[in-house]
Each structure stands twice: as C-alpha cells, then as structure tokens.
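> Mind looking over this structure? Questions follow.
Taken together, the values in this text are just the output of simple stated rules run on the coordinates, not laboratory data. Since the structure is predicted, the reported quantities are computational estimates derived from the model, not experimental observations. All Cβ positions, even for glycine, are placed from backbone atoms using ideal geometry, and neighbour counts span all protein chains on display.
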Amino acid sequence: MTGIDRRTFGKLLAASTFVSADLAVPAFAQTKAKGGTLRVVVTAEQPSFVDLFGNGAIPAVQGELVSIDFDMNPQPSLAERWDITEDGTVYTFHLRKGVKWHDGRPFTSEDVAYSFETLRETHPRRRNTFANLVAVETPDAHTLVARFSAPAPYLLGALSGVGTAILPKHIYKGTDLKTNPNNRRPIGTGPFLFKEWEQGSHYVLERNPDYWDTAKPRVERIIVRVIPDSAARAAALETGEIDIGHGSPIPYGDVERFLASKRFGVETRGYELGGNLHQLFFNLDNSFLKELKVRQAIAHALDIDRLIKVVWNGYAIPSPTAIVPDLRNFHDSTLKHYAYDPARATKLLDEAGFPRAANGKRATLNLTWNPGMAQQRQAAEYIRYALGEVGIEVKILNFEFSTYIQKVYTERVFDIDVQNLNNGYDPTDGIDRAYLSSNIKKGLPWSNHTHYSNPEVDALLTSAAAERDPAERRRKYVEFQRIVHRDLPAVNLVQFQRLTMFNNRVNDHTPYAARLGSDYFDRVYLED
Amino acid sequence: MSRNRRILLSLRRNLLQAIPTMFVIVTLGFFLMQLAPGDVADYIAAETGAASEEGIHALRVQFGLNLPVLEQLFAYYDNLAHFSLGISPRYGAPVSDMIMARVPGTLLLMGVAIAVALLLGFAMGTTMALLSRRLPDRLLSLLSLVFYSVPTFWIGLMLIVLFSVHLGLFPSGGARTIGGPSEGWDWFVDRLRYITLPALTLGLNYVAIYARLTRAAVIEAQRHDYVRTAIAKGLTPARVIRRHVLRNALTPIAALTGAKVAGMLGGAIVVETVFSWPGMGRLAYEAILAREYPVLLGILLVSSALVIVANALFDILQSLLDPRVEVS
C-alpha cells in the first residue's frame, strides 16, 4: 500500500472543495429538488441527545444560537445579531422572531437564559465558559442580555450547536435533568424532528415543516445507523446501504481504494472546532525525562513526515506547536519541529549523561497510548522504533479505555503518553487543562498529567483567557507556544484530519460550518 | 413414571437450581467489575472530554460509587428484591427497558443460528456417516473443521464481502429495513434477508460439532439390531435412516445443544458487532467498557435466566425423545 503524501493530500483537499463548489451559486443550489432519505453512519451510540453533561448533542434537532464558519467566525442562526459593549463584558443577543419549538411552543429569550444558567451548573466545558456570567436578563421575548464579570472573548465560539445546547425551558424547568425523557427523545428548534430511537440500531430524523428557514431542509428523512465495526462500515458504504459517515468512518488505509472507485468522495473540512492534535506527553517526574536534553533528543529522533505517512496515510499536517494550524487566530506558524536528526539526538543523550550501556540501551521507558483512536497504536509502534534507533528502549503498555484512564491519570504508570488531547474551538477549551499547574490533579482525566509547572505559562494562560483585544490575546498565546516549545513537556506531532466519507449522490453535506462532523444537514441534498 | 410427572420433576429441579445460580452469577459479576480498573464516573468524565474533580465526585455520590463495596452490593440486592434492575448511569434510562429492547434480537439470532447449525450439522453428519471413510466424508470433515477453527468475525466479514459487497444478495448489517415493511409476507422476507448472514456466521461455528456428533451417532446406530431388523423388514434406506437411525442419534445432540446455549450467547457479541445487530451481547460489551455495572449485572441476570430456561426446555425435549432418560 502506498501512502498519500502531502501533495496528494493537497489535491484531495482541492477535489473535496470542488465537490461542494455549487456553494458559490446559491441560486442554483436553491432550485435543487427536495426529498429523499439520507442514510448516515456513526461509529458509536451517544448516550444522550441533549448536551447537558457533555455527553452528546444533536444540533440538527436542537438548533443553534450561532453557526461557526470555516474562518471560525460566528454567523447568525437563532441569534440574528448581537452587540458587545466596549469593555467586552455585556453581550446583547437579538433573537429570531417567530421560531417555534417542535411541540409548537414559541422559542423565546427565556429559553436561552435558562440554557446558559443550567449549562453553567451541569456542563463540564460550559462551566468554564459561563464561569464569569453574573446576570442574564430578558428585557423582552427576543432580547437577551448576558453580563459577565470579566471579558469573555471566547463566548461566541462556544455558542454553536455542538457547544451550547439551547434547552426548551418548559420541558426542563423543575425536572430531574439527568433522567428527563427529552434527553432521549429531544425536541428543539432545528431543521429536523427527532422521530424514533431504537437503541443499538438507529435513530430517525424527519424534516421539520415549520423550520424558520423555509427553503430548508432539503431532505425528507435522515436515518442514522450505529455500526461499531470499521470493516462493516466500509462494507455498508460500499454496498450503498449508507450514504455518508463522519469522523473517519473507515480505516485511513482504505480511503484510497474508495476514491479509486469514483463513487465516493472524501471531505476533510467540518472538524475545525475540534482543534485535532496528536502529541506525546512526557512524565516529567521521571528522572531520565526530567533532563531537557533528553526530551530534545527524543524530539530530534522523530521523523514527522514519516509519521504522517505510516500512521495517518497522509491525512495530517505537521503541528509543531501546542495550538494547531486550524486555530488560525492563535497558531504560531513560525515555530518548526525539532529537525529529524538521529545523530544530534544521540549526541544530546550522551551529553545529558546517558551513554549506551553494554547492551546498546540508555534507558527503558513505558509508553501508553489512548485507545480511543485506532491510529495511536500505530503511532506508539513508530515511536518505539524511532527511539530504539537512538538507544532508548520503549515498552508499549496496551490498555482498554477505562483501564487507560485509570493507569495514566491516577496511577501515572507512563513515561511517554501518546495522546490526542485536542485544542477544541479555543485554547481555553483544550490547552488550559493540560498546561496549567493548577490542573495537576490526580485521578482527573485529561488533566495536567505531565506535572508541567511554569508560573510564566500559568500567568499567560490565565490573562489570555480574559483578554479583550484580539491582537493582544494572540500575542499571549504565541508567547505561550514558544515557551512550551522550548520547555518540551510534550512533543506536538501533527494536526490530524478527521474524514467525512460520502457517496457522490450526497451534496452540500459540509456547507460552511464546522460542527465536528455532527452536521446540521439543513442544506444537504441527494442526487440520483 | 408418567411423562407429565417427569416433566414436572424436571421443571422443579431447574427452578430450584435457578435461584442460587443466578445469585452466584450476579455476585461474581459484581466483584469482577470491581476488580477492573476505573469506574463509570471516570468513564463519563473522560467521555465528556473535560471534567473537574468536583464533577467526578458528584457523579460518584450520585451513583453510590463512594459507598463501601459491600454496601453497593447490598444496595443492588435491595433493588433486585424490589424488582428493579436500576438506572443506567450513562443513559439515564431504566436498565430493564434497555435490556428488554435487546432480548428479542438476541433470542431471534440465537434461535435461527441453532436451527441453521442443527440442519447443516444433520445433513453433513448423515452424509459423512453414510459415505464414511470415502472422499465426501473426508472433504466435509475438513470443511466443518475449517468452520470450527476460523474466528467468527472473520467468517462474518468474508460472508459480507462475498454476499453483500460482490453479489449484493444480502444487506451487510442491521436487523431490518428501517422504515420498511412492518407486516405480512414482505416483512418476513425483509427480516429473513437481514438475519441470514448473521445467523449463518453464528451457526457455522457449531455445524462442526453437530456434524461430528451426528456422524458418530449414525455410525453407532447402524450397528444395532433394530436397524438390521428394519432393513430386513424391507424398509427403504431413507426410512431406516429417518425413523430408526437419526431418531436415536438425536438424544446426545439435544443434550449438547442445551449445553451450548450459554456459549452461543458469548459468540453473539462478536456477530452482533460485525453485523451491527442490536442485541444484548453488544450492550454487555459496551457496559463492560464503560464500567456500568448495573447494566452488566442486569444482562448477566437476564442471560442466566435465558440459559436456565433453555436448559429446562432441552431437558424436557430429551425426556420426550428418549423415555429412558431419567429425571433425578
């Protein structure tokens, strides 16, 4: 099997852009026939459809306050427009009029206020987003005023459908949020009605005839099937039983074969809000890894281009820094990977006082990898090979997910942890948890498990979170990236590309918004 | 002893054994889950991608995971005594609802798979016995051995590649056409198309066992006097085989089928995953991964009940087939 190099990847990107090229001619797109059933595949079942606790959203049913475009800018949806005061602490949202919940009740500012206040208590990420929210006012049914005690520059990015669920207050008020039946059979204001859920098999969405944008949605029905096995997903796509799958539904190694048949396309956009980052973390309490020169040596021993080929089949771009290229407002593109140079790595290790022993080894390290993503295992094997070349023996510890969490975050059995701790839509979302010294917390998943502690970084991250001026905010995050690039508590490897595989009869499935693959489906249409 | 009395005795014995068996299974299952690293609070916290210490603690308190282990176990027994299987921590739904939605799927899959295995096994075994030590015997023997030794998931995938991807005869997964026919002949055909490959995959593994057993039983039965008498009476060979040979060969097969039900339930997990068949096996697998012990224990309870019922049925069947089988 030949890997796809980065140039081919570029072509694929261009090709996938071409597929949705009729975006540029919306008038033409509007005339496309309505109807048909779109069949979607997902890899795992979500335990809930209302994102109260960070355990599963369904924007296509829920609706969203704002949409985020490919440039990461908020666009109107349920909120038609918004004003932000000069000091960045008061947000006034002007909501769309005449919008109805799927049960016919009117959607009002009360619902939005209730959502903000509820998610502040229940949602693991929105707890941070709304931490400084001091008051929510509803001067009238279509105006919402949110007052913060400090500027909240990250707010709008969090208000898309995958970030903030807009809850029907009349359904949730005064009930037990965890067991409310609406979590399993939701109503929303979105383009699709939730019809049925047969657990372990599928759920069905149907076109909302009263959707506020009368030109949408364009398909009549969506069937979402759960197929846990990747080979079975590939077969279902191939037989035409499935039209589209998000989040890399088939193994990366199969993509080329699918594209060769001309019946399928691949789309790499739509995952920008994830800030997908593949990195390896060091356990800084390890006496060997404590030495900066050792960590530099390890960085020099890794060939990123090779990693992109063997692990990601070309579907990744280098991300030498902790903030990925997709987060373009913050990513520092001047930083480069430590050059692949085994000789230099060897020299650094010698200098650090770890010469090869008689058996050719300098040290033995335990490597853990996150089993949540299949590629991590291949990455672990590549790293074992690459470090072996410079005399570091790597023992790979294989754990299933729950055991992995326990072993890595409670028992800390790792020396090197191969990970995909993603950035999220904003550095506050994914970076703080891994680098703030205040987040060194035993037993807490995705916390600062390297035990990296740098007061300068703490100060930068804390002040950047509340920085009102975009340029100044960027400056602070760039500064942060440079410091961790120097200190190397982690080697950042690549921004990997999640893939959407689709049958060519499906059009406009990734129109503009970045929704982590759980698409809104309002524009998608089928061609036979 | 009358036939009915024998059946009643058999039922009573099975019932008396059922309760302690299920108690032991649930208790063992509970402790096994305790041995596995991590708990459902860890899993939920990791699944959400961000969590706080307070959040995890709150989850533990909510699910009673902060209590001493024995107290948790007694709380579970207490629930059971009130005929409740508890609430799934991840799904926030009653465990009994979640399991009951999956039981029919698994039962159907197993039932059809057993039928497939028995039919194929009989046919192959009889052919092998009648042509014993000749080429067809050797070939069929080899074939059944292949089915027996090749991993189930591989057979499943190969059947998908051949019958779904290349020939387009059967769907590659699922249990029915979603939004398809809901009654009548069309419904039946639709369900049949979906169950063929999974049931064949699950059944093929057992074909070898039944084929070997049938072959031995038929060869054995052929030596008996009553078979010689039947032939001497001038009965056609087909009738001799059907009435006199196979019928006597059925007894050991019925006994074995009963014993294999539990193993089949295990094999169903793999088949359900490969064919995205909504059954209990996958639910159990996911419950183990997420450390959801109320769900897993519920499944253990229901599946042990199923196995016990199946065994009782096969006991009865056996005593009907062969009046000499005594119920102790």
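> Given +1 on the Cβ of Lys and Arg, -1 on the Cβ of Asp and Glu, and no further charges, what dipole in debye does the protein assembly as shown carry about its Cα centre, rounded to the nearest 20?
Here the protein assembly as shown has a charge dipole of around 3600 debye.
> Give me the net charge of A:Pro249's neighbourhood, meaning all other residues with Cβ under 13 Å from the Cβ of A:Pro249; Lys, Arg count +1, Asp, Glu -1.
Within the 13 Å Cβ shell, the charges total -2.
> Starting from the Cα of B:Glu220, move 7 Å in the Cα-to-Cβ direction to define the label point; list residues of region B:107-133 whose amide nitrogen is under 16 Å from there.
Those under the cut-off are B:122, B:125-126, B:129-130.
> Determine one quarter of the surface area of the Cα convex hull of region A:197-251, which equals its mean projected area, and express it in nm² to one decimal.
4.8 nm²
> Using only the alpha carbons, work out the radius of gyration and Dmax of region A:248-314 in angstrom.
Considering region A:248-314 through its Cα atoms, Rg and Dmax are 17.5, 54 Å.
> Please give, to one decimal in nm, the separation of the simple spin-label points placed at B:Phe83 and A:His170, each 7 Å out from Cα toward the Cβ.
3.6 nm
> Which whole-Hz ³J(HN,Hα) couplings does region A:108-118 yield from phi under the Karplus relation 6.51 cos²θ - 1.76 cosθ + 1.60, θ = phi - 60°, glycine and proline marked x?
Running phi through 6.51 cos²θ - 1.76 cosθ + 1.60 with θ = phi - 60° gives 9, 5, 4, 4, 5, 4, 4, 5, 4, 5, 6 Hz.
> Enter the mean projected area of the convex hull around the alpha-carbon atoms of region B:1-135, in nm², rounded to one decimal.
For region B:1-135, averaging the hull's shadow over all directions gives 15.6 nm².
> Could you list, in their original order, any pairs among A:Lys100/A:Lys195; A:Lys407/A:Lys442; A:Lys290/A:Lys336; A:Lys441/A:Lys476 whose Cα atoms are separated by more than 21 Å?
Beyond 21 Å between Cα atoms: A:Lys290/A:Lys336; A:Lys441/A:Lys476.
> Right, another one. Measure nothing fancy, just the Cα-based angle from helix A:375-389's long axis to the longest principal axis of chain A, in degrees from 0 to 90, nearest 10.
Tilt relative to chain A: about 20 degrees.
> If you don't mind, another one. Treat every Asp and Glu Cβ in chain B as -1 and every Lys and Arg Cβ as +1, leave all other atoms uncharged, and give the resulting dipole magnitude about the Cα centre to the nearest 20 debye.
The dipole magnitude comes to about 2300 debye.
> Would you mind checking region B:297-312 for residues with the amide N under 20 Å from a putative spin-label position 7 Å along Cα→C-beta of B:Phe23?
The answer is B:297-309, whose backbone nitrogens lie closer than 20 Å to the label point.
> Among residues other than A:Leu335 whose Cβ falls under 15 Å from its Cβ, what is the net charge (Lys/Arg +1, Asp/Glu -1)?
+3
> Please compute, for peptide A:403-409, the average count of beta-carbon atoms on other protein chains lying within 10 Å of each residue's beta-carbon.
5
> Once both axes come from the Cα atoms, what is the angle between helix B:184-222 and the longest principal axis of chain B, in degrees from 0 to 90, rounded to 10?
50 degrees
> A further question on this structure: By how many nm would the segment from A:Lys34 to A:Val413 grow when fully extended, if each residue of separation counts as 0.36 nm and the alpha-carbon distance is taken off?
130.9 nm
> Which percent, to the nearest 5, of DSSP beta bridges fully inside chain A are antiparallel?
75 percent
> Quick one: if the Förster radius is 45 Å, what FRET efficiency do A:Lys442 and B:Leu11 give, using the C-beta to C-beta distance and rounding to 0.05?
Given R0 = 45 Å and the Cβ-Cβ separation, E is 0.25.
> What whole number of Å gives the distance from the Cα centroid of region A:411-463 to the Cα centroid of region B:51-92?
Going from one Cα centre to the other spans 30 Å.
> Give me Rg/Rg_expected for region A:277-496, where Rg uses Cα atoms only and Rg_expected = 2.2 N^0.38 Å with N residues.
Here the answer is 0.98, to two decimals.
> Evaluate the relative contact order of region A:277-496 (contact order divided by residue number), counting alpha-carbon pairs under 8 angstrom at least 6 apart; express in whole percent.
Once normalised by length, the contact order is 33 percent.
> Rank-order B:288-294, B:249-255, A:75-81 by packing density, defined as the average count of other C-beta atoms within 10 Å over each peptide's residues, highest first.
Descending packing order for the listed peptides: B:288-294, B:249-255, A:75-81.
> Can you give me the pair-distance distribution of chain B, C-alpha pairs, 20 Å bins, whole percents?
25, 50, 22, 3, 0
> Moving to a separate point now. Name the residue farthest towards the positive end of the dipole of the protein assembly as shown from the options B:Val103, B:Leu246, B:Leu202, assuming +1 on Cβ of Lys and Arg, -1 on Cβ of Asp and Glu, about the Cα centre.
Result: B:Leu246, furthest along the dipole toward the positive end.
> Output wanted: per-residue J couplings in Hz (rounded whole) for region A:452-466, from phi through Karplus 6.51 cos²θ - 1.76 cosθ + 1.60, θ = phi - 60°, x for Gly and Pro.
Residue by residue, region A:452-466 yields 6, 9, 9, x, 4, 5, 4, 5, 4, 5, 5, 6, 5, 4, 10 Hz.
> Partner chain Cβ atoms within 10 Å, averaged over the residues of A:445-457 - can you pull that number for me?
Average neighbour count from other chains, rounded to a whole number: 2.
> So for chain A, taking the charge dipole from beta-carbon charges (+1 Lys/Arg, -1 Asp/Glu), which of A:Ala459, A:Leu348, A:Ile483 sits furthest toward the positive end?
Value: A:Leu348.
> Per 5 Å bin, what percent of the C-alpha pairs of region A:48-203 does each bin hold, from zero upward?
With 5 Å bins starting at 0, P(r) equals 2, 9, 19, 24, 21, 14, 7, 2, 1, 0, 0.
> For A:Lys178 and A:Ser463, calculate 0.36 nm times their separation in residues minus their Cα-Cα distance, and state this gained length in nm to one decimal.
99.1 nm
> Return the FRET efficiency for the residue pair B:Arg134, A:Glu389: r is the Cβ-Cβ distance, R0 is 51 Å, and the value is rounded to the nearest 0.05.
According to the calculation, E is roughly 0.30.
> Among DSSP beta bridges lying fully in region A:277-496, give the percent that are antiparallel, nearest 5.
Counting DSSP beta bridges with both partners in region A:277-496, the antiparallel share is about 55 percent.
> Calculate the FRET efficiency for B:Thr229 and B:Met100 from the Cβ-Cβ distance with a Förster distance of 60 Å, rounded to the nearest 0.05.
Given R0 = 60 Å and the Cβ-Cβ separation, E is 0.70.
> Roughly how crowded by other chains is peptide B:31-38, in terms of the mean Cβ count from those chains within 10 Å of each of its Cβ atoms?
Other-chain Cβ atoms within 10 Å of each residue's Cβ, averaged: 3.
> Could you work out [θ]222 nm for chain A from helices alone, using -39500 (n - 2.57) per DSSP H run of at least four and dividing by all its residues? Round to the nearest 500 deg cm²/dmol.
Using -39500 (n - 2.57) per qualifying helix, the result is -7500 deg cm²/dmol.
> Compute the signed sum of charges (Lys and Arg +1, Asp and Glu -1) over the other residues within less than 14 Å, Cβ to Cβ, of B:Glu71.
Charge balance near B:Glu71 sits at 0.
> Any of A:Lys97/A:Lys178; A:Lys262/A:Lys309; A:Lys309/A:Lys395; A:Lys293/A:Lys347 with alpha carbons more than 21 Å apart? Name them for me.
Check vs 21 Å cut-off fails for A:Lys97/A:Lys178; A:Lys262/A:Lys309; A:Lys309/A:Lys395.
> Diagonalise the Cα gyration tensor of the protein assembly as shown and give the resulting equivalent ellipsoid semi-axes, square root of 5 times each eigenvalue, largest first, whole Å.
52, 33, 28
> Taking every pair of alpha-carbon atoms in region A:173-322, give the share separated by more than 17 Å as a whole percent.
77 percent
> Using alpha carbons only, how many angstrom separate the centre of region B:16-44 from the centre of region B:277-327?
16 Å
> What do you get for the angle between helix B:293-321 and the principal long axis of chain B? Use alpha-carbon atoms, 0 to 90 degrees, nearest ten.
Approximately 20 degrees, to the nearest 10.
> When only C-alpha pairs under 8 Å and at least 6 residues apart count, what is the relative contact order of chain A, in percent?
Here the relative contact order equals 21 percent.
> Along the Cα→Cβ direction, 7 angstrom out, place labels at A:Arg185 and B:His57. What is the inter-label distance in nm?
3.8 nm
> Specify which residue in the list A:Ile396, B:Ala175, A:Ser438 is farthest towards the positive end of the charge dipole of the protein assembly as shown, using unit charges on the beta carbon of Lys, Arg (+1) and Asp, Glu (-1), about the Cα centre.
Among A:Ile396, B:Ala175, A:Ser438, the one farthest towards the positive end of the dipole of the protein assembly as shown is B:Ala175.
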